[in-house]
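Please treat every number below as a calculation from the coordinates, not as lab data. Predicted, not measured: the structure shown is a model, and the values here were computed from it. In this analysis, Cβ positions are derived from the backbone assuming ideal geometry, glycine residues included, and neighbour counts consider all displayed protein chains.
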4 protein chains.
Amino acid sequence: MKALGIGLIGTGYMGKCHALAWNNVSAVFGDVERPRLVHLAEADAELASSRAREFGFARATDNWRRLIDDPEVDVVSVTTPNQFHAEMAIAALEAGKHVWCEKPMAPAFADAERMLAAARSSGRVAVMGYNYIQNPAIRHIRSLLDEGAIGTVNHVRVEMDEDFMADPDAPFYWKSEAASGYGALDDFAVHPLSLLWCLFGHVEAVIAELARPYADRPLQDGGRRAVENHDIASVLMRLPGGVSGVLMANRSAWGRKGRIALQVYGSKGSILYDQERMNEFQLYTTAGRASEQGYATILTAPHHKPYDRFIPAPGHGLGFNDLKVIECRELIAAIAGMAAHAIDFNHGLRIEKSVHAMARSFREGRWIDIDAG
Amino acid sequence: MKALGIGLIGTGYMGKCHALAWNNVSAVFGDVERPRLVHLAEADAELASSRAREFGFARATDNWRRLIDDPEVDVVSVTTPNQFHAEMAIAALEAGKHVWCEKPMAPAFADAERMLAAARSSGRVAVMGYNYIQNPAIRHIRSLLDEGAIGTVNHVRVEMDEDFMADPDAPFYWKSEAASGYGALDDFAVHPLSLLWCLFGHVEAVIAELARPYADRPLQDGGRRAVENHDIASVLMRLPGGVSGVLMANRSAWGRKGRIALQVYGSKGSILYDQERMNEFQLYTTAGRASEQGYATILTAPHHKPYDRFIPAPGHGLGFNDLKVIECRELIAAIAGMAAHAIDFNHGLRIEKSVHAMARSFREGRWIDIDAG
Amino acid sequence: MKALGIGLIGTGYMGKCHALAWNNVSAVFGDVERPRLVHLAEADAELASSRAREFGFARATDNWRRLIDDPEVDVVSVTTPNQFHAEMAIAALEAGKHVWCEKPMAPAFADAERMLAAARSSGRVAVMGYNYIQNPAIRHIRSLLDEGAIGTVNHVRVEMDEDFMADPDAPFYWKSEAASGYGALDDFAVHPLSLLWCLFGHVEAVIAELARPYADRPLQDGGRRAVENHDIASVLMRLPGGVSGVLMANRSAWGRKGRIALQVYGSKGSILYDQERMNEFQLYTTAGRASEQGYATILTAPHHKPYDRFIPAPGHGLGFNDLKVIECRELIAAIAGMAAHAIDFNHGLRIEKSVHAMARSFREGRWIDIDAG
Amino acid sequence: MKALGIGLIGTGYMGKCHALAWNNVSAVFGDVERPRLVHLAEADAELASSRAREFGFARATDNWRRLIDDPEVDVVSVTTPNQFHAEMAIAALEAGKHVWCEKPMAPAFADAERMLAAARSSGRVAVMGYNYIQNPAIRHIRSLLDEGAIGTVNHVRVEMDEDFMADPDAPFYWKSEAASGYGALDDFAVHPLSLLWCLFGHVEAVIAELARPYADRPLQDGGRRAVENHDIASVLMRLPGGVSGVLMANRSAWGRKGRIALQVYGSKGSILYDQERMNEFQLYTTAGRASEQGYATILTAPHHKPYDRFIPAPGHGLGFNDLKVIECRELIAAIAGMAAHAIDFNHGLRIEKSVHAMARSFREGRWIDIDAG
């Protein structure tokens, strides 16, 4: 496959993360052509130029449509705020580019549906930026489940907690506006849902409880404003194969920084994982004598693919940014027409449908069967 | 206060635990008269005699009513299987004895109500055997909450998991019969509820999902029998003061042995606890510089009352049986008319009402307001 | 065997611990006659009386020789400060009593030798109070080593750390006087040595470095006094079978409360243990696939004898005081002429000889072969 | 500063790691010119070409001297096996290039001395590849020590353990030959020494015990060959300021994968760190109430510089390869004449002198004062 020409829109948290991935993917994996970093777009022209120089892009623009029109660009990374995803991704797909879009697809479900429609009619690859599923630990857990290492799974719990909204004295900002979405459900629940999909398939039915730890927050210039969405979400779930589950998300959870804690229980064992210690997982099985059974803390290592592409020694540790490099490698595989471990717009839409169903189940105080509506 | 005369009915897991508590309470605390171990009842006469000798009781009987009639007995420990609690406790109360009854009160709510009525009309002390609330770690957490160490609590999660029902090949036994109760809700949920009560007050509303990891189990003599209750319970809760919560219980959770994991989130910090490491808890607060904030793992120590009564050195560790000694000390305080940290029949009944409400919320697929019924 | 008559000298930290053990041993184990608590001695007559009542002893005295003369006393627990051990233990042995003496035997090696001589000529059982070796976790580790679970052991590290001397502003007290002993070596090293003996046999050769974190300490009434011994000891060791080892002890180690951390490396695996989490240990073996190898955290459980005598459920946890109950059961076994897992005066003396050799190796700056030197 | 021209010699484990660092340093830090990847050398010509393409280098060669002669190359990364370091680094320095050399400098101390001499006479920057000191956790620990967060340090322990030599059935290979060096001392001790230097300064005096877990190993074609060096090293140390220390290294430690465990004790607290969980450290201080003191587990975060250059969110985790990017940034600072946190050839030589002193202290069975010789 010839080298792909890359366009990157956005240079914030995720923009930089994509830039690093495009810079590293060939050096890390060695089995793909080194991408050509062609075009970078950023609203501020000066910032666009300096970031292009830092990130190694050949050209810079403050007009993202110019990037999409660039014939040397084959793939567009969309890393702008959520409300811009639909417009940019659709334009890119219509221009015949492959798209790598940060999650979620769009605040409004109808926009997300239009994105999927655009992807389908374009025939191009359209993949979401769900990086946590790429962790070698998670991919190994998936293979352990496949081979029955813990028997038949019957119960799962997943928690995602951070504390960036935990301070009640922090001024009101847009993330507490209803217009920004449901709160923890949008910000967080999609990540656990991506992991659940990866391990079990899509959630079937839900009932959620949303909670608001702080009724209002101070305004910068005095006074207070009511919080309009919910920092805490707790959800009972039914998953494929009769698996029962609980999903919990809290963006006001003091002490939690990047927690995504997973507990998977099966008929022959169980598995634990926490993103805050992303280079390890815990496995309990009923193999061997009962007197030596216990959770084994397994450090990721070259056996856990594709850890070996980064480091040949076990227990040395990947970082958060490395997950995006793996995701990038999967995207390139998809573009080459190979099987890829990635969440495309089709599955991305289903994840967002689950989130909307959770919100509705809370409003209506009842279980919602997601595919029934 | 003069030495109390003790009667003990039952010599199994909890019977032995009570016996040890009665043997130790005076030596450990030093501020109560050493109880006189008067009478022990056990269905098998020979066993009754040998256990009386081992445990230090003066008399033994295979007829528990004789124990209740013994004028030297002031307090009766009821540690028999759940279905006998009501009859024995009521008889003891009617005979003017104080009662220390293992939880739960009774499988049928009406029986539990009769127990409370008997306690009320007797004027005697009637206390349930909820030992986990006695852990110095839990009691210190309670005092931290009281003094606002983590600000205003807004969210709580509690999980209780063990694996004694996790083996799908284990033969069907009575715990899978509907007659034995709801399953995990009865076996486990009462414990987390005791902790929640201790820290926050009684749960107000619930919606539960119950799950059955194994549809049937093998019979000893061939064939299989359908499982009639649920090993897994997941419950959304509303607690006093607008606190949202999740309670999870699983008695088929491979790898878990005595887990009761608590997460308490507040406006200024959070607290974690796990019964499997009962001699420590974790505290995160927003005090001090952000760059050094993290969960402090605090080992219980003489500062955490009444740890000091057992060991004068920090970090040396209490055991499960020691909690019953503390509970025993609280019972003696209650009998002496002092304030006691214990769950009496009144609060015990409310806990069991919560359990029944959970089961009903599952059957009806809706939230139940517990006090509304 | 008929019920033993018990005499207890001392009612402090260890006195209470022995009292609890004598109260519990029969109820816990069920296979020994309940001891008769005959006589308690304590320097203060009033305290002696009140403690006797609390602990359940029939008689009290402020003259320990009267206790030793009591014909109903069969066994004497010696729990007084170290400098009294020799006189009391020897008197008890000469009076034909069995002796259970808290460690160490005596500050002066010659006194310890006299204690052993007295034990030998008496023909009575004389056992030291090394409780940590009684932990079911440690006993199970011993059996794992015996069966070769981690192959041939080649390296061991053991650390014992607490922080009761860590505060440089705490006033000078007797533990910093040379007359009280070497410091960390006396206070702590004997415990790791008891574990090493239990697992591997006695240390053969050593070289130590002793360190003094604080040159002097404040006096109560102003001024400062030079510290005369060493709070920190670091020792290189050679153990039987070519095992190399390191022993570290620090009684000024801020943050450590009751740490005794053990690392045992063998040709097929390794084992970790820490007394601060005394109800678990960690096992790594090369069995099975490399991709699932990791340290298993094993919670103690009824498989790990004699945990089952205390609690029938796994993972519920023993406490520090429970270890003394097990030790008491071993003492009773020894008195009955059965094999016992205990450190008698013979092995106790060899442990203290090791400590003296460590101190000498530091003074002379060279390796000391313990049995040669 | 203009963009540096980079030459890379070697494309193995560390060669790839350097390549990633050179690719990332500008995108991550944003404050340095993006380096030009000019020339790559690798013994095999074909491999050289393909790696150059993957890593983004403009030219490739199988003759490293050609790379050193390349006028566009400003800095040479030396990542070949240890025995080639001296020749390559000296040639590069003599050609006026800056040098970034993987550790250790050279197997023979005289070669390392020649490297330092070459660096001095060249006036160029010559830095060793000690990456662990670059971890934001370690750098923050350094600043905590500087500000007295744990008072005056008095004791330190450091352990480095892996299990790549732990299998006794693995065939004999060059790492067991005396010609390859001392064993664990060479392979491992330099890393802990780099951390000790970073935190406290160079070790002053040592006495070591070296051990050989396996006397011989199987040969590929039958028979066995004696192991000629030592997989295990245990060292007592004296550090600047009267700090006592212990350094332990074991490359046959089953279960350990990338462990570098550090314990630092001071007069007001202590700090713990383990490279296997490189995104956290533990801090205990005596600040606040004793009843809430415990080790705080602090996840690295944007406060801990330069974590923020990689990820704006706390607790998301850096990886092993990211440390090399930070090291690269420090090298560029040094080249620009700014203060840099790096180990130059001068300090690198002193570290290797310490290792040779350890080996000698073992041979002679006595303490060695390193600077005295």
Query raised in the report: When you look at the Cβ of every residue in D:280-293, what mean number of other chain Cβ atoms sits within 10 Å?
Result: 6
Query - Estimated inter-spin distance, B:A226 and A:H303, nm [label 7 Å along Cα→Cβ] - result: 4.3 nm
Report summary line: When C:F320, C:F172 are arranged by how many other beta-carbons sit within 10 Å of their Cβ, fewest first, they go C:F172, C:F320
Report summary line: The correct pairing of chain B residue and whole-Å distance, for the Cβ nearest the axis that maps B onto C, is B:G319, 2
Report summary line: Most exposed to least, judged by fewest other Cβ atoms within 10 Å, C:R142, D:R59 sort to C:R142, D:R59
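What does the C-alpha gyration tensor say about the overall shape of chain B? Classify as rounded when a/c is under 1.5, otherwise prolate if a/b is larger than b/c, or oblate.
On the way: a/c = 1.61, a/b = 1.14, b/c = 1.41.
Taking the square roots of the gyration eigenvalues as a ≥ b ≥ c, chain B is oblate.
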Requested in this report: Set Lys and Arg Cβ to +1 and Asp and Glu Cβ to -1, take the dipole of chain D about its Cα centre, and tell me which of D:W64, D:P104, D:A45 lies farthest positive.
Outcome: D:P104
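Placing +1 at every Lys and Arg Cβ and -1 at every Asp and Glu Cβ, with all other atoms neutral, what dipole size does the range D:25-178 have around its Cα centre, in debye to the nearest 20?
Numbers: 16 positive and 25 negative charges, 127 e Å.
The calculated dipole for the range D:25-178 is roughly 620 debye.
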Query - Highest-fluctuation residue, B:L37, B:L47, B:L349 considered, GNM on chain B with Cα pairs under 10 Å - result: B:L47
Report task. Return the percentage of antiparallel bridges among DSSP beta bridges fully within the protein assembly as shown, rounded to the nearest 5 %. Result -> 60 percent
Requested in this report: Give, to the nearest whole percent, the P(r) tail of the protein assembly as shown beyond 51 angstrom, counting all Cα pairs.
Outcome: 36 percent
Report task. Excluding residues on the same chain fewer than 8 positions from A:K257, give the lysines whose Cα lies under 23 Å from its Cα. Result -> A:K16, A:K103, A:K175, A:K324, B:K268, D:K305
Query - Within 10 Å of each Cβ in C:150-157, the average number of Cβ atoms from other chains - result: 5
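Taking the Cα centre of the range B:260-373 as origin, work out the dipole magnitude from +1 charges on Lys and Arg Cβ and -1 charges on Asp and Glu Cβ, in debye rounded to 20.
140 debye
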Query - Residue mean of other protein chain beta carbons inside 10 Å, A:244-251 - result: 5
Report summary line: Among A:S26, A:S267, A:S291, the residue with the largest mean-square fluctuation in a Gaussian network model of chain A built from Cα contacts under 10 Å is A:S291
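Antiparallel DSSP bridges in chain C: what percent, to the nearest 5? Walk me through the intermediate numbers first.
Details: 42 of 69 bridges.
That works out to approximately 60 percent antiparallel.
Nearest 20 debye, what's the magnitude of the dipole of chain B about its Cα centre given +1 on Lys and Arg Cβ and -1 on Asp and Glu Cβ?
Details: 39 positive and 46 negative charges, 117 e Å.
It works out to roughly 560 debye.
Let me know the whole percent of all Cα-Cα pairs from the range C:67-192 that are separated by more than 23 Å. Before the final figure, lay out the partial values.
Details: 3892 of 7875 pairs.
Within the range C:67-192, distances greater than 23 Å cover 49 percent of Cα pairs.
For n ≥ 4 DSSP H runs only, could you compute -39500 (n - 2.57) per run for the protein assembly as shown, divide by its residues and tell me the 222 nm figure to the nearest 500?
-10500 deg cm²/dmol
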Query raised in the report: What nm distances, shortest first, do you get from the label point of C:H303 to those in the other copies when the point sits 7 angstrom along Cα to Cβ?
Result: 2.0, 3.8, 4.3
Query raised in the report: Given the options D:W254, D:W197, D:W22, which has the most mean-square fluctuation in a GNM of chain D, springs set between C-alpha atoms less than 10 angstrom apart?
Result: D:W254
Query raised in the report: Shortest first, in nm, what separates the label point of C:G288 from those of the same position in the other copies (7 Å along Cα→Cβ)?
Result: 0.6, 3.8, 3.8
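Considering only the range B:1-72, what is the antiparallel percent among its DSSP beta bridges, to the nearest 5?
Values: 0 of 8 bridges.
So the antiparallel bridges amount to about 0 percent of the total.
Sorted from fewest to most neighbouring beta carbons within 10 Å, what does the list C:W64, A:W100 look like?
Numbers: C:W64 26, A:W100 30.
Sorted ascending by nearby Cβ count, the order is C:W64, A:W100.
May I ask you to derive the relative contact order of chain C, considering only C-alpha pairs under 8 Å and at least 6 residues apart, and to give it as an integer percent?
Numbers: 807 pairs, mean separation 67.5, N = 373.
Taking the mean separation of contacting Cα pairs over the length of chain C, I get 18 percent.
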Query raised in the report: In whole Å, how far is the Cα centre of the range A:221-289 from that of the range B:61-102?
Result: 45 Å
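Kindly rank D:275-284, A:173-182, A:281-290, C:220-229 from highest to lowest mean number of other beta carbons found within 10 Å of each residue.
Working: D:275-284: 23.9, A:173-182: 15.0, A:281-290: 18.1, C:220-229: 12.4.
Ranked by mean Cβ neighbours within 10 Å, highest first: D:275-284, A:281-290, A:173-182, C:220-229.
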Query raised in the report: What FRET efficiency comes out for the pair B:H341/B:A108, r = Cβ-Cβ distance, R0 = 30 Å, nearest 0.05?
Result: 0.60
Report summary line: Per residue, the convex hull enclosing the alpha carbons of the range B:249-373 has a volume in Å³ of 201 Å³
**Report entry** Across the identical copies, how the B:Y13 labels are spaced - nm, sorted shortest first, 7 Å along Cα→Cβ
**Finding:** 3.5, 4.6, 5.0
Report summary line: Between D:E364 and C:Y173, the FRET efficiency computed from the C-beta separation at R0 = 41 Å comes out, to the nearest 0.05, as 0.50
